[in-house]
1. When the range 342-369 is examined, which residues are found to be small (Gly, Ala, Ser) and without any contact (Cβ under 8 Å) to a residue 40 or more places away in the chain?
2. Can you list the helices (runs of 4 or more DSSP H) lying wholly within the range 81-174 that have 1 or more residues being within 22 Å of Glu237 (Cβ to Cβ) and open to solvent by less than 30 Å² (accessible area, probe 1.4 Å)?
3. May I ask you to list the residues in the range 330-353 that are farther than 27 Å from Phe26 by Cβ and modelled with pLDDT of 85 or more?
4. Quick one: how many residues across the range 205-235 are of a type in the set (D, E, K, R), in contact with a helix residue (DSSP H, G or I) (Cβ under 9 Å, 6 or more places away or on another chain) and closer than 22 Å to Gly104 by Cβ?
5. Can you tell me how many residues in the range 200-220 are touching a Ser or Thr at 6+ places or on another chain (Cβ under 6 Å) and surrounded by fewer than 16 Cβ atoms within 10 Å (Cβ to Cβ)?
6. In the range 412-436, what residues are over 17 Å from Thr389 (Cβ atoms), open to solvent by 10 Å² or more (accessible area, probe 1.4 Å) and among the hydrophobic types (A, V, I, L, M, F, W, C)?
7. Pull up the range 333-354, narrow it to residues that are among the β-branched types (Val, Ile, Thr) and within 17 Å of Val480 (Cα to Cα), then point me to the one that is nearest to the chain's Cα centre (by Cα).
8. State whether the residues of the range 353-365 include one that is of a type in the set (A, V, I, L, M) and closer than 30 Å to Phe78 by Cα.
Amino acid sequence: MEETTPKPNSSQKSKRIVKNTLMLYFRQILILLVSLYTVRVVLDVLGVEDYGIYNVVAGIVTLFSFLNGTMASATQRFFSFALGKNDTEQLRKIFSVNIVIYIGIAIIAIILLETIGLWFVNEKLEVPPDRFGAVRFIYHFAVFTFTASILTSPFMAIIIAHEDMQIYAYVSIIEAILKLGIVFLLMCIDTDKLELYGVLLFIVSLINALIYISIALRKYEECQFKKFYWDKCLIQEIIGFTGWTLFGQITTVFRNQAVTILVNQIFNPVIVASRAISLSVSGHIGVFSNNFNISLYPPIIKSYSSNNKEEMFSLIFNGSKLTFFLMWIIALPLLSELEMILSIWLKDVPPDAVLFTRLSIIESLILSLSLPLTTAARAPGKMKTYELTLGIIQLSIFFVSWIVIKMGYPAYSVFVVAIAANFVMFFVRLGIVSNLIALSKRLFIMKVVVPVISIVFLSTILTHLLQKSLSEGIMYSIIVIISSAIICTITMYYIGLDNNWRKKIRNYAGMKVRRIF
């Protein structure tokens, strides 16, 4: 009989979540600072036009990210489910089956990107004629970069399922530092900067892949190639799960990248650059909440697989609030002083960048509130209704945006469409998840939505009053930024968290302080 490791109790799980959250949060602050500086210098070195061109070319490759995103979601779900049942043999089978599937996905992606994708680049993409050679060159390296990310995904999923977030955090920091190195190489090497940028990003992705793969193979027993496990039933189960998830991922890609290409086809590259900057800023802020949701994914799935619904509901309620709060504490200072921040960050702020960024942040905030609900929806493995309903709404974002732009509305209207769709999707998602796992909609509204609205209202009013009471200038803006972050933290702690979570955070922070001193 196979030995089983003792399962952590509820208190240990909570401590692990708090530890993982704080570690990922401070790690992301470092990565955010590095990334913002990197984007600033890259924009300066490449120029607004070339920066916009690269984002469009990379967007074409990312259109196929549904292949990778679908399997990453499925892999994490099946690994976490098996870990919740403490089934080592099943873990080995899941690893073997997933390796075969991911290799197949990589081959399919290369074929599609080097045929359909390359045809689109050559025949349909609107770029200046003198940059076509560079565009084709960086497109091939964008394909190589994407392929490396596909092969990395199963090993990253294993690390996350085991809740070894320190590994995930350290490797991400290494990746950020390597991307910082790209900045200095771009300034030092005298060649076509756009082509060099594409090559260097591929090298970073390759190094990142090798690190994840080597760590997983050495650390986890199920990651091995000595014995190959083939389970036809497991393959059918994974394919059944990923079938509808695939549809959801495709619609998510349309929600983001297809709209970028739409804007590129109708407006000029400067507008595309403004959109790229706004998505970059909101994306970096969103990572704070996404990282916390990554740390929630395994315990939610494990709680469901072990039939511990009380713990699962607690994780969903508190996780939804914290996911939003971790983004809001960064978003409010940015929204308050965005013009000053962008003017310092970028030497030349493209037109509409401030407006686009504000709208993009609002869109991301709405989405962040329902990230744990998305995780909970994957726990039962019944994805048809969830993905079909939400996927149709996401597809409508692209088509409504196209109609609105054709009617003569300005470029920012695509963000307004996405914000409206996000509100609809939040309530639809809540209703579907309620049916899947018997989650109380009323309790979710009372325990999550009401505290979130209270905190947003109170912290925004206080920050606005402070801003109006001060004069203009960089020093006053810094005071507003710091004060708004403090206001967010205080309101979040006393209004957003219940007594149990406040105690957990105090205990963990106190333990860290005692260790330091």
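1. Of the range 342-369, the ones small (Gly, Ala, Ser) are 343, 353, 360, 364, 368.
Across the range 342-369, the qualifying residue is only Ser343.
2. Values: elements: 88-112, 118-123, 132-161.
By residue number, 88-112, 132-161.
3. Across the range 330-353, the qualifying residues are Glu339, Ala353.
4. So the answer is 3.
5. Going residue by residue through the range 200-220, those that are touching a Ser or Thr at 6+ places or on another chain (Cβ under 6 Å) are 201-202, 205, 209, 212.
Now drop any that are not surrounded by fewer than 16 Cβ atoms within 10 Å (Cβ to Cβ), which leaves none.
Qualifying residue count, the range 200-220: 0.
6. Once the filter is applied, which keeps residues that are over 17 Å from Thr389 (Cβ atoms), open to solvent by 10 Å² or more (accessible area, probe 1.4 Å) and among the hydrophobic types (A, V, I, L, M, F, W, C), the range 412-436 yields Val416, Val417, Ile419.
7. Of the residues in the range 333-354, the ones among the β-branched types (Val, Ile, Thr) are 341, 344, 349, 354.
When the remaining residues are screened for being within 17 Å of Val480 (Cα to Cα), the result is 341, 344.
On the way: Ile341: 23, Ile344: 26 Å.
So the residue we want is Ile341.
8. Taking the range 353-365 and keeping what is of a type in the set (A, V, I, L, M), we get 353-355, 359, 361-362, 365.
Narrowing further to those that are closer than 30 Å to Phe78 by Cα: 365.
Among the residues of the range 353-365, at least one is of a type in the set (A, V, I, L, M) and closer than 30 Å to Phe78 by Cα, which makes the answer yes.
The values are calculated or read from the model by the stated rules, or taken from the named source; none is laboratory data. The structure presented is a predicted model; accordingly, all values stated were derived computationally and were not measured. Neighbour counts are summed over all protein chains in view; Cβ atoms, including those assigned to glycine, are modelled from backbone coordinates with ideal geometry. Protein only, heavy atoms only, side chains kept; ligands, DNA and RNA dropped before computing areas. Shrake-Rupley method; radii C 1.70, N 1.55, O 1.52, S 1.80 Å.
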